[in-house]
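Peer 1: Pasting in a structure now, in structure tokens, and then I'll have a few things to ask.
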Amino acid sequence: MNKKELLQGFIVGLFANIIGLVIAAVVLGKLSGRSDTILKVLETAQTEGFMGKLISLGAILNLICFFYFIRKRQDARAGGVLTATIIIALATFLIRS
């Protein structure tokens, strides 16, 4: 496995999760009926204990990236995305417990 491509996939996985987290926060802010900002939603998620759920929703974009790399036969990058997803899942588990 090419370590450079693995690292690129890992970085793509982290950025995809961050973008997914922001999208989930925006949608949640709009659905709350108060038009909360992203920071307000994230602050509320932290205080009310559903930050792990938001992070998990953000990981959905990793699935898209993973299958994109698999389809393009870039297995090392797909492995990097998978590694990022596993690390994010472990972090989410630690946040919840």
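The values are calculated or read from the model by the stated rules, or taken from the named source; none is laboratory data. Keep in mind it's a predicted model, so treat the numbers as computed, not measured. FYI the Cβ positions are ideal-geometry reconstructions off the backbone, even for glycines, and counts take in every protein chain you see. Surface areas here come from the heavy atoms of the whole protein model, side chains and all, with no ligands, DNA or RNA. Shrake-Rupley method; radii C 1.70, N 1.55, O 1.52, S 1.80 Å.
Peer 1: Kirkwood Rh and Cα-based Rg: tell me the resulting Rg over Rh for the chain, rounded to two decimals.
Peer 2: With Rh from the inverse mean 1/r over Cα pairs, Rg/Rh is 1.06.
Peer 1: Across the chain, how many lysine pairs, 8 or more positions apart or on different chains, have C-alpha atoms separated by under 19 Å? Please give the number.
Peer 2: Numbers: Lys3/Lys72; Lys4/Lys72; Lys30/Lys40; Lys30/Lys53; Lys40/Lys53.
Total qualifying Lys-Lys pairs in the chain comes to 5.
Peer 1: If you don't mind, there's one more thing I want to ask. Can you work out the accessible area per residue across the chain, with the rest of the protein chains kept in place, probe 1.4 Å, in square angstrom? Could you put the intermediate results ahead of the total?
Peer 2: On the way: 6650 Å² over 97 residues.
For the chain, the per-residue accessible area is 69 Å².
Peer 1: Can you compute the charge dipole magnitude of the chain about its Cα centre, using +1 on each Lys and Arg Cβ and -1 on each Asp and Glu Cβ, nothing else charged? Give it in debye, rounded to the nearest 20.
Peer 2: Working: 11 positive and 5 negative charges, 61 e Å.
So the dipole magnitude of the chain works out to roughly 300 debye.
Peer 1: To test your reading of the geometry: what angle, between 0 and 90 degrees and rounded to tens, separates the Cα axis of helix 38-48 from the longest principal axis of the chain?
Peer 2: Around 80 degrees separate the two axes.
Peer 1: Pick out, from Ala84, Thr37, Ile70, the residue whose Cα sits farthest towards the positive end of the charge dipole of the chain, with +1 on the Cβ of Lys and Arg and -1 on the Cβ of Asp and Glu.
Peer 2: About the Cα centre, the residue reaching furthest to the positive side is Ile70.
Peer 1: Hey, what did the chain get for relative contact order, percent, Cα under 8 Å, at least 6 apart? If you can, show how the numbers build up before the last one.
Peer 2: Details: 117 pairs, mean separation 43.0, N = 97.
So the answer I get is 44 percent.
Peer 1: Same structure, new question: Treating the angle as unsigned and between 0 and 90°, give the value, to the nearest 10°, between the Cα long axis of helix 3-31 and the longest Cα principal axis of the chain.
Peer 2: 20 degrees
Peer 1: Per DSSP helix of 4 or more residues, -39500 (n - 2.57); summed, then divided by the residues of the chain. What does that give at 222 nm, rounded to the nearest 500? Let's see the in-between values first.
Peer 2: Working: 5 runs with 82 residues, N = 97.
The helix-only estimate for the chain comes to -28000 deg cm²/dmol at 222 nm.
Peer 1: For the ranges 2-12, 77-87, 39-49, what's the packing order if you count other beta-carbon atoms within 10 Å of each residue, average per peptide, and put the highest first?
Peer 2: On the way: 2-12: 16.4, 77-87: 21.0, 39-49: 14.0.
Output ranking for 2-12, 77-87, 39-49: 77-87, 2-12, 39-49.
Peer 1: Let me ask something else. Can you work out ³J(HN,Hα) from phi for every residue in region 65-74, in order, using Karplus 6.51 cos²θ - 1.76 cosθ + 1.60 and θ = phi - 60°, giving whole Hz and x for Gly and Pro?
Peer 2: 4, 4, 5, 4, 5, 5, 5, 7, 6, 10
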